[in-house]
């Protein structure tokens, strides 16, 4: 980055006092957009340079001190793929965009229909009939232009998994059926990418983080034939009301954050199970030897 | 302390009046496996995918002492 850009960032930044009464140098979105336009850069590059100079993008000010400036830079350099842009995926995508993940890949072949409106964060009356992955792109750009987002309106299978997932640091399993989850797990295992599983039915849900080499989904579902009778599945019988995907997605995003920033406790080889009706959250540990 | 059984999602329908907060208190006669317990409770074995005994996964053949907390889960895949 040349000195001209740095000088522009310096001159366009200003000092603010945050709610904890700390003086902080910030760069507002409008100024960052202006610098990006003037210098032929992406806003993400301007923000990264500002952060390297110790200047907070104003939009991230309220992440302080829970997410440090160094960590914010790390997130900006990270690449996350979200497979599924429905109940779980919609919420996951919104949160990852707000967090400032640098590169998001969104995969979903489906279009929105009216039954999605009860829970899917990206669905609204005007998006019915439109592509879920396409709507995800629109939303991400409107929430955070500092995130580079790419969409794939296709079903993930072994023919496209490499192209879609290969450069990801973490993959989020936001699918809605068991057989597809096994396909994703296998692809992630082959590509040596950690992935964060989440699933739900009714007011209950579960997450598990799976690293390459972990037994993973076999713990939760047994073999790959599990769940092939979709009509009898708990999610078909009990439905999927809004609070559950919202919470499970939040927990999945926390796993992504912990993996990327190498902090906290990751739920690996265990299932974090939530029953929202009783308010219980329990960890269940799996024996590694299946 | 007696055996306490917690059922997840669609397994709850097999125990009429199931209370999700307190689970089911169950007394075992003699040495019994998880499979025996499920049979006694009329919960079909093929509907259960995960068995947790005191927070750790176990097989249907796991022998219960009679004072554990048991969680039974079907395969949940919605999203």
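Some points to look at:
- Per-selection metrics, segment A:11-66 (Cα): Rg and Dmax in Å: 11.2, 36
- Segment A:11-66: relative contact order as a whole-number percent, Cα under 8 Å and 6+ apart: 33 percent
- Segment A:112-181 and segment A:184-212: distance between their alpha carbon centers, rounded to Å: 16 Å
- For the pair residue A:77 and residue A:114, a Förster radius of 35 Å applied to the C-beta separation gives a FRET efficiency near 0.35, rounded to the nearest 0.05.
- Relative contact order for chain A, counting Cα pairs under 8 Å that sit 6 or more residues apart, in percent: 15 percent
- Principal semi-axes in Å for chain A [√(5λ), Cα gyration tensor, largest first]: 35, 20, 19
- Using alpha-carbon coordinates, inclination of helix A:87-99 to the longest axis of chain A, degrees: 20 degrees
- Calculated mean residue ellipticity, 222 nm, chain A: -11500 deg cm²/dmol, from DSSP H runs (n ≥ 4) at -39500 (n - 2.57) each, averaged per residue and rounded to 500.
- Degrees, to the nearest 10: A:29-39 long Cα axis against longest axis of chain A: 70 degrees
- Residue order, fewest to most surrounding Cβ atoms within 10 angstrom, among A:115, A:278, A:66: A:66, A:115, A:278
- Shown for A:233, A:151: other C-beta atoms within 10 Å of each C-beta, ranked fewest to most, produce the order A:151, A:233.
- Largest-first ellipsoid semi-axes for segment A:57-163, taking √(5λ) over the Cα gyration tensor eigenvalues, angstrom: 26, 17, 10
- For chain B, the relative contact order comes to 42 percent (Cα pairs under 8 Å, sequence separation of at least 6).
- Here A:257, A:217 are placed in order of increasing Cβ neighbour count within 10 Å, fewest first, which gives A:257, A:217.
- Value of [θ]222 nm, deg cm²/dmol, for chain B, DSSP H segments ≥ 4, -39500 (n - 2.57) each, nearest 500: -2000 deg cm²/dmol
- The alpha carbon radius of gyration of segment B:3-73, expressed as a multiple of 2.2 N^0.38 Å, is 0.97.
- Computed label-point distance, nm, for sites residue A:11 and residue B:63 using a 7 Å Cα→Cβ extension: 8.2 nm
Read-outs: derived from the displayed coordinates by stated rules, not from any lab. All values reported here derive from a predicted model rather than from experimental measurement. Note: ideal-geometry Cβ built from the backbone for every residue, glycine included; neighbour counts use all protein chains shown.
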